[in-house]
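Below is one structure, written out as structure tokens; comments come after it.
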Amino acid sequence: MSKEGRNANGIETLAAETLQRVMEHPATQNDIATVETQLGRYPRGMVAVGARCVGDGTPLVVITGPVLPGGIPFPTTMYLTSPEAVKAVSHLEADGLMRQYNEMLADDTNLRAQYERAHAAYLAFRHGLAERLNESEEHIEGISAGGMPVRVKCLHALVAQSLVMGPGVNPIGDMALERMRNEFDPTVCRCVRAQSDGQETR
């Protein structure tokens, strides 16, 4: 995405291309088992992996359908699961970065416009996913994630969007990724690797 941002057609195209790429390889049983280990619970509604480790393909972000089993609406389509990434983002939140980013949004009209486009891209992606899965967005229509489009409420969701849709889409997610690069860098593999005896070590 250019600094000037994308127009509405560009947003739709980006969302469609991202969805096509992600859904070319639906979640496997190995993916689901890995994410269950990451989260400590079964990943309900997981349909695909949105971003993977560059080294061994371990899931970093999962794609979740807009309706969980049991008919529960779920707006957070792009869900950060990598323990390393989750920990790094939590440190940013504890350091007060959300307050800083909210102040930046209030003061910078260009940043605010980019953030609104990130919101639109998120909605367009989920709408395409809902159509593909034949699921309803009725109860979450217009709701994206992370506080978009007006504030920063959850950096985990914004970083997840940056990892799935790439740089230049969500400016806050991009800034957060840059700030946490010493602790988590999507271009460097720091995954938990399974050993031949079935045990895992870092």
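Report the residue count in region 137-157 for those that are in contact with a helix residue (DSSP H, G or I) (Cβ under 6 Å, 6 or more places away or on another chain), touching a residue at least 40 places away in the same chain (Cβ under 8 Å) and of a type outside the set (Asp, Glu).
Of the residues in region 137-157, the ones in contact with a helix residue (DSSP H, G or I) (Cβ under 6 Å, 6 or more places away or on another chain) are 137, 144-146, 148-149, 151-152, 155-156.
After this cut, where a residue has to be touching a residue at least 40 places away in the same chain (Cβ under 8 Å) as well, the list is 137, 144-145, 151-152, 155-156.
Filter once more, so that each one left must be of a type outside the set (Asp, Glu): 144-145, 151-152, 155-156.
Looking only at that region, the number is 6.
Applying the selection to region 127-179, what residues are among the acidic types (Asp, Glu) and within 17 Å of residue 105 (Cα to Cα)?
If the condition is that a residue be among the acidic types (Asp, Glu) and within 17 Å of residue 105 (Cα to Cα), then 174 is the only one that fits.
How many residues does region 109-161 hold that are more than 20 Å from residue 22 (Cα to Cα) and surrounded by 18 or more Cβ atoms within 10 Å (Cβ to Cβ)?
Number of matching residues: 10.
Which residue pairs have Cβ atoms closer than 7 Å, lie 6 or more positions apart in sequence or on different chains, and pair a first residue in region 176-202 that is under 18 Å from residue 51 (Cα atoms) with a second residue that is of a type in the set (Lys, Arg) and at pLDDT below 50?
Close Cβ pairs (under 7 Å, with a partner that is of a type in the set (Lys, Arg) and at pLDDT below 50) amount to 192/202.
Could you please let me know if residue 99 is out of contact with any Asp or Glu (no Cβ under 9 Å at 6 or more places or on another chain) and buried (at least 19 other Cβ atoms within 10 Å of the Cβ)? Outline the logic, then answer.
Details: out of contact with any Asp or Glu (no Cβ under 9 Å at 6 or more places or on another chain): yes; buried (at least 19 other Cβ atoms within 10 Å of the Cβ): no.
When the stated conditions are applied, residue 99 does not pass them.
Scan region 48-77 residue by residue and report those that are farther than 17 Å from residue 25 by Cα and touching a residue at least 12 places away in the same chain (Cβ under 8 Å).
If the condition is that a residue be farther than 17 Å from residue 25 by Cα and touching a residue at least 12 places away in the same chain (Cβ under 8 Å), then 55, 66, 67, 68, 69, 73, 74, 75, 76 are the ones that fit.
The values are calculated or read from the model by the stated rules, or taken from the named source; none is laboratory data. Just so it is clear, the structure is predicted and the values come from calculations on it, not from any experiment. With ideal geometry, Cβ positions are generated from the backbone for all residues, glycine too; neighbour counts draw on all protein chains shown.
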